[in-house]
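Asks: This structure is in structure tokens; I'll ask about it shortly.
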Amino acid sequence: MKRLFLALVLLLAAVPAFAQEPDRSPRVTARLLAEGPVAPGGEVWVALEEVIRPDWHTYWINPGDAGNPTTIDWTLPKGWTAGDIQWPRPKRLPVGPLMDYGYEGKLWLLSKLTAPADARPGDTVTLNAAATWLVCERICIPEEAALSIKVVIGEGPRDAALASDFAAARALLPTPSPWVLTHALGNSLDLFLAAPALATARPAAVEFYPLDAGAIKNPAPQLVGYTDKGLVLRLTPGTKAATLTTLNGVVVLTGTDGSVQELDVKAPQGLVPAADFTVVPQGASADPMPLWLAMAFAALGGLILNIMPCVLPILAMKALALARHAGSARRVVMTETFAYTAGVVLSFLALGLGLVALRAGGEAVGWGFQLQSPIAVAGFALLVFAVGLNLSGVFEVGSITAGDSLTHKQGAAGAFFTGMLAVAVGAPCTMPFGAAALGFALTQSAASALLVFLALGLGFALPFLILGLVPGALAFVPKPGTWMLRFKQLLAFPMYAAAAWLAWVLAVQAGVNSLVILFTAAIILALAAWLWASTRDLSARGRTIGTIIAVLLLLGAGAAVAKLQSAPAAAPQTEAGAGASLPNREPYSAARLAELRAAGRPVFVDTTAAWCISCLVNEQTALASDAVKTAFTARNIVYLVADWTNRNPEGAALLKQYDRAGPPLYLYYAPSSAAPKVLPQILTEAIVLAAFQ
């Protein structure tokens, strides 16, 4: 009654505001989404999406001291049934002396609907729902919407991006607690989680959200204490605490690494050990890093990216270009370094803008997303192959031989292209420090995200920028000479190696048959390059004919590559790589992880991709060592591989859960642990073995 009275007071207080408020548009925009087709007698997840205006909020199933939760009244065809709303974890919403529980921003409320067994495959049914909610800021406004969605009976195509969003939404739902729970009522209400691992891990924050109104005093501070047997959360009893034989709710554990785990709690009355308590601030969570720190991490990550194996061939080309100008005027050197920097920075900004736009459109993409498309991988392979042909002398775009002088425009254009190529080839490498910054960027506004990408580009370009800005820096660069031609030709071979690596990535993504298309396109490309170069010394008519034929050949190569769009994705590479020799290797899924954790099994999760150089290096060094294999066997650790070479919803949801932009991501779940241990992105044998202790 108290909560209902407070809600009525808020509604009455809003009446004068209604007369003054000219904006009659909804504060919440709602729609229904279905995960996909449903088989006769099968189940399908349906989401009520609420997009809530900034500074407004709706409510959890237990709204706290005031408010009302969202309701869904289904009107379904005959034989259909709908389950209850599955509520993700809420957040604390202080309102003066009150404490509410609710949601801000975008919210998905999931329900599981069941089709009748006699539903006819091929039919399309319409599911109708009347949704109501209370949305509040300084005032509270009840809103409602009549919604509907069509669902196909039987098999049909599934939208990968939508499936990823559903997987991410399910990841926010509380899971049953793996530990024994009890509660005791005295002057305080103590909730005990019998988990010695929690006493060792010491989560950064522990919060309890009660399902029963009146179970606790919502605004009161929550205290956390530890014993050698687990964790004790001390709460202030509410008006109905004495009537509860079981304390029901959700415990949210935030690890020191920022990972969050939601536990469904059903704690009967029982013994609770004594513990020393400390205050946990209401709403405590891992604070997101400030923008300035994210930019600093991005700049440092960009600087480190220069030494990644996938970037070194490109940087050698740039160093060679600078060597050409070692004795040139300072103005020429500065022009090239600034052009290179512009190419790098604008390329990173373009990648960042693409990521932001795709994610805003609902796509589950992350760092390296451009290499999750077979066409993009083939295009990069052909581009790198073409660079190799140029360095080998099959055709020339400019010259780097001693005594050859390029115009100011040509030099700047070449430097700009080199910067773009360095970013294109180096982007799949996830670098230390930069990964955390990218994960932050992809959860922020577009402006903040682009600032992080700007810092990443400046950090990547910094070594060559210094050569242009610092007088005398070029004194350490060798003088131009005939050695440059030999070095130029030598650089072609790392390019060919990079093209071969990208061909392997393509085979992993689209199967071995895709290599026929790629190799055919590469031969046509080489023929076009040779034909164009060999007709340069002919008459104007001969040059024109050679150019036309070369262009037609290039169009033919492009048409061949376009066929990869319809190539079927290869099966996940659960048996590929150095980690294939590890025992208990299985493909990752959230359901399988939950099953293993409920059984108390230790689990190592490896989020990887064939195009991720850091991942491959870690597999060949740390994970392939005999000591690591022995540890996996001795501890009976299950090795789950989340292969993100091709886009998949499970991998995307996992990366999103840990605010990562892309692989690698390594997680170790000790038996009965509250949250996983997040390992560094660059592994060593010692780091992996230490995580198991």
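Asks: Taking 0.36 nm per intervening residue step and subtracting the Cα-Cα distance, what contour gain separates Leu353 from Thr200 on full extension?
Replies: Value of the extension gain: 50.9 nm.
Asks: At R0 = 30 Å, how high is the FRET efficiency between Leu147 and Arg592 if r is their beta carbon distance? Nearest 0.05 is fine.
Replies: 0.35
Asks: Out of residues 5 or more away from Ala642 or on other chains, whose amide H comes under 5 Å of its own, with H placed 1.01 Å from N in the peptide plane?
Replies: Tyr588, Asp606, Thr607, Thr608
Asks: Just subtract the alpha-carbon distance of Lys629 and Asn248 from 0.36 nm times their residue separation and send over the number in nm, one decimal.
Replies: Here the answer is 133.0 nm.
Asks: If we sort 35-47, 207-219 on the protection proxy, mean other Cβ atoms within 10 Å, highest first, what's the order?
Replies: Answer by packing, highest mean first, reads 207-219, 35-47.
Asks: Modelling each spin label as a point 7 Å along the Cα-to-Cβ direction, I'd like the Gln269/Ala559 distance in nm, to one decimal.
Replies: So the two model labels end up 8.2 nm from each other.
Asks: Suppose R0 equals 45 Å. What FRET efficiency, 1/(1 + (r/R0)^6) with r the Cβ-Cβ distance, do Thr71 and Asp159 give to the nearest 0.05?
Replies: Efficiency for this residue pair is about 0.95.
Asks: Right, another one. Amide H to amide H, which residues 5 or more places from Cys140 or on other chains are under 5 Å from it, using H placed in the peptide plane?
Replies: Amide H to amide H, under 5 Å and 5 or more residues apart or across chains, Cys140 pairs with Ala14.
Asks: If I take R0 = 30 Å and measure r between the Cβ atoms of Asp212 and Asp276 in this structure, what FRET efficiency does the formula 1/(1 + (r/R0)^6) give, to the nearest 0.05?
Replies: 0.60
Asks: Please work out how much length the chain gains when fully extended from Leu98 to Thr81, using 0.36 nm per residue of separation minus the C-alpha to C-alpha distance, in nm with one decimal.
Replies: Taking 0.36 nm per residue and subtracting the Cα distance, the gain is 2.4 nm.
Asks: Next question. Given H placed on each backbone N at 1.01 Å, which residues far from Thr227 in sequence or on other chains put an amide H within less than 5 Å of it?
Replies: Amide H to amide H, under 5 Å and 5 or more residues apart or across chains, Thr227 pairs with Val232.
Asks: What spacing in nm lies between the two simple spin-label points modelled at Ile375 and Leu173, each 7 Å away from Cα in the Cβ direction?
Replies: 3.6
Asks: Could the peptides 374-383, 154-163 be put in order, highest first, of the mean number of other beta-carbon atoms found within 10 Å of their residues?
Replies: With the highest mean Cβ count within 10 Å placed first, the list reads 374-383, 154-163.
Asks: Quick one: what are the phi-derived ³J(HN,Hα) couplings along segment 224-237, Karplus 6.51/-1.76/1.60 with θ = phi - 60°, whole Hz, x for glycine and proline?
Replies: Along segment 224-237, the couplings run 10, x, 10, 10, 6, 9, x, 10, 10, 10, 9, 10, 9, x Hz.
Asks: Right, next: Based on the mean of other beta carbon atoms within 10 Å per residue, what is the order of 587-600, 49-62, most packed first?
Replies: Going by the mean number of other Cβ atoms within 10 Å, highest first, we get 49-62, 587-600.
Asks: Pairs Lys112/Lys266; Lys112/Lys150; Lys217/Lys240; Lys266/Lys677; Lys106/Lys677; Lys91/Lys217: which exceed 19 Å Cα-Cα?
Replies: Pairs exceeding 19 Å: Lys112/Lys266; Lys266/Lys677; Lys106/Lys677.
Only the coordinates and a few stated rules stand behind these numbers; no lab work does. Computed from a predicted structure; not experimentally measured. Every residue, glycine as well, gets a Cβ built from its backbone with ideal geometry; the counts of neighbours run over all protein chains shown.
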